[in-house]
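The values are calculated or read from the model by the stated rules, or taken from the named source; none is laboratory data. Computed from a predicted structure; not experimentally measured. Cβ: placed from backbone, ideal geometry, glycine included. Neighbour counts: every protein chain shown. Just the protein is used for accessible areas: all its heavy atoms, side chains included, with ligands, DNA and RNA removed. Shrake-Rupley method; radii C 1.70, N 1.55, O 1.52, S 1.80 Å.
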Amino acid sequence: MTEIHSGTCFCGSVEIEVSGAPEAMGYCHCSSCRSWSAGPVNAFTLWKPENVKVTNGSELLGRFRKTEKSDRRFCTKCGGHLMTDHPTFGLTDVYAATIPGLAFAPGVHVNYAETVLPIRDGLPKLKDLPAELGGSGEAVPE
Ligand SMILES: [Zn+2]
Ligand SMILES: [Zn+2]
């Protein structure tokens with residue numbers, strides 16, 4: 001049985017579903033995530049794009065692409081954020097808050113060099129991104 005988790009934007013007009021298990025979960029501390037989310041840290045869950053489906057309201061789904069790395073998707077009715085496609089990584093970040101039914105089990109903090117909210121939870125802290133995603137893979141202290 002494939003596990004399915006559903007979620008919506010802030011107003012509920014756009015509905016999405018993720019199936020199976022995420023490729024990775026964790027926290028991103030980069031300034032782009034903070035600026036886009038208006039929060040101090042972004043809780044991410046990364047999925048293969050084929051495991052993420054928009055099941056309702058796709059006509060309301062807007063996109064903003066500041067760089068080719070991130071295609072940010074939001075509801076044009078309420079402004080609520082849903083996810084960010086990372087085409088160069090071949091992954092889609094569905095924000096943990098978008099799919100509350102998924103048991104969020106973070107494994108790593110990324111872009112920790114940019115943190116404004118240090119979190120001493122004992123998880124690995126990467127200066128930027130893992131080497132397989134083009135980063136240094138370098139760990140930094142909490
Ligand atoms: Zn909405
Ligand atoms: Zn980020």
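What is the Cα convex hull volume of the range 75-119 when expressed per residue in Å³?
Expressed per residue, the convex hull around the Cα atoms of the range 75-119 is 141 Å³.
Can you show me the helix-derived [θ] at 222 nm for the chain, built from DSSP H runs with n ≥ 4 at -39,500 (n - 2.57) apiece and divided by the number of residues, rounded to the nearest 500.
-1000 deg cm²/dmol, from helical runs alone.
Would you mind calculating the gained length between K53 and C78 on full extension (0.36 nm times residue separation, minus the Cα-Cα distance), in nm to one decimal?
7.0 nm
How large is ³J(HN,Hα), in whole Hz, for each residue of the range 34-45 in order, when computed from phi with the Karplus curve 6.51 cos²θ - 1.76 cosθ + 1.60 and θ = phi - 60°, using x for Gly and Pro?
Values per residue, Gly and Pro as x: 5, 5, 5, 8, 6, x, x, 7, 10, 7, 10, 10 Hz.
Where the centre of each part is set by its Cα atoms, how far does the range 78-107 sit from the range 18-51, in angstrom?
Here the answer is 4 Å between Cα centres.
Given a cut-off of 17 Å, what percent of all Cα-Cα pairs of the range 35-118 lie beyond it?
Everything past 17 Å amounts to 52 percent.
For the chain, set up a Gaussian network in which alpha carbons nearer than 10 Å are linked by springs, and say which option among D71, D121, D93 fluctuates the most.
D121
When the chain is fully extended, how far beyond the present Cα-Cα distance does S37 get from K66, taking 0.36 nm per residue of separation?
Result: 9.0 nm gained on full extension.
Report Rg/Rh for the chain, rounded to two decimals, where Rg is the Cα radius of gyration and Rh the Kirkwood radius.
Result for the chain is an Rg/Rh of 0.96.
Give, rounded to the nearest 20 debye, the magnitude of the charge dipole that the range 3-123 has about its Cα centre when Lys and Arg contribute +1 at Cβ and Asp and Glu contribute -1 at Cβ.
Details: 11 positive and 12 negative charges, 76 e Å.
Dipole about the Cα centre, nearest 20: 360 debye.
Kindly sort K48, K66 by accessible area of their heavy atoms, largest first, with the probe set to 1.4 Å.
Details: K48 90, K66 160 Å².
Ranked from most to least accessible, the order is K66, K48.
Could you give the length gained on full extension between L117 and E3, defined as 0.36 nm per residue of separation minus the Cα-Cα distance, in nm?
37.8 nm
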